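Only one structure is covered here, and it is reproduced in the block below.
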Amino acid sequence: MRRSFAYARQLRDEREVARKRLVGELEERRFRLQSDVLRQRQSQVTAERVALDRLSQLEDKRRIAEAEAAEKTAALEALEREQARHADRARVEAEARRRLVEETRVMLEGQVAARAQLTAAELAHRAAVEAAELDEVKVALAARRDAEARRRVDARDEYLRLQESNRADLSARRAVAEAGELCSRDPLQHEM
């Protein structure tokens, strides 16, 4: 008897261990599914944050370039005042510096414009990808709705077919019953 109880306890303990293992696996699976969704959303948030940080950096760079251009313009004006005192030599130096400032400005404007185009192209690409994903979701939803509508139409058609079959069966039974009643009423007709 003790062996039976010990064996029963052992079986119960083994079932409990198996149940706990199954519960753990189910919790792990549920956690992974939720984690995937959270990680995906976190990735999107991170990508948006990085994009905003990059835009902020580009704006800071543009402001710095404007400040540098303003400083260079002020330096150019100071040189022009000195040109009046130093004649030809100062005039040549000022011209060289002005050209350098202009080339730098043009180069910086080109870089800023190129970066702005890249950012706009990246944003347009993201919008196109999101629109394509949205279209895929819409197509899947439309297909699901169409399948559901077809299922309902098929069920209705089956219901109507079954009703018609039941009516035909009922009519046939009534005809048989009426024929049976007629035969039982008129024995001469029955013999014919």
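The figures follow:
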quantity: Flag if residue 40 is modelled with pLDDT under 90, in a helix (DSSP H, G or I) and either closer than 30 Å to residue 116 by Cβ or touching a Gly at 6+ places or on another chain (Cβ under 7 Å) (or both); calculated: yes
quantity: Condition check for residue 122: within 30 Å of residue 66 (Cα to Cα), more than 26 Å from the chain's Cα centre (by Cα) and either among the polar types (S, T, N, Q) or surrounded by 10 or more Cβ atoms within 10 Å (Cβ to Cβ) (or both); calculated: no
quantity: Selection count where residues are surrounded by fewer than 14 Cβ atoms within 10 Å (Cβ to Cβ) and closer than 12 Å to residue 73 by Cα, scope the range 100-114; calculated: 2
quantity: Which listed residue, of 113, 172, is farther than 30 Å from residue 49 by Cβ and small (Gly, Ala, Ser); calculated: 172
quantity: Qualifying residue in the range 50-68 (condition: at pLDDT below 90, surrounded by 10 or more Cβ atoms within 10 Å (Cβ to Cβ), assigned to a helix (DSSP H, G or I) and more than 36 Å from the chain's Cα centre (by Cα)); calculated: no
quantity: Those residues of the range 39-49 which are among the hydrophobic types (A, V, I, L, M, F, W, C) and surrounded by 11 or more Cβ atoms within 10 Å (Cβ to Cβ), in sequence order; calculated: 47
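Table: residues versus (1) among the hydrophobic types (A, V, I, L, M, F, W, C); (2) over 30 Å from residue 127 (Cβ atoms).
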| position | (1), (2) |
| --- | --- |
| 8 | yes, yes |
| 25 | no, yes |
| 31 | yes, yes |
| 36 | no, no |
| 39 | no, no |
| 44 | no, no |
| 48 | no, no |
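The values are calculated or read from the model by the stated rules, or taken from the named source; none is laboratory data. Quick caveat: nothing in here was measured; it's all calculated off a predicted structure. Positions of Cβ are backbone-derived with ideal geometry, glycine not excepted, and every protein chain shown enters the neighbour counts.
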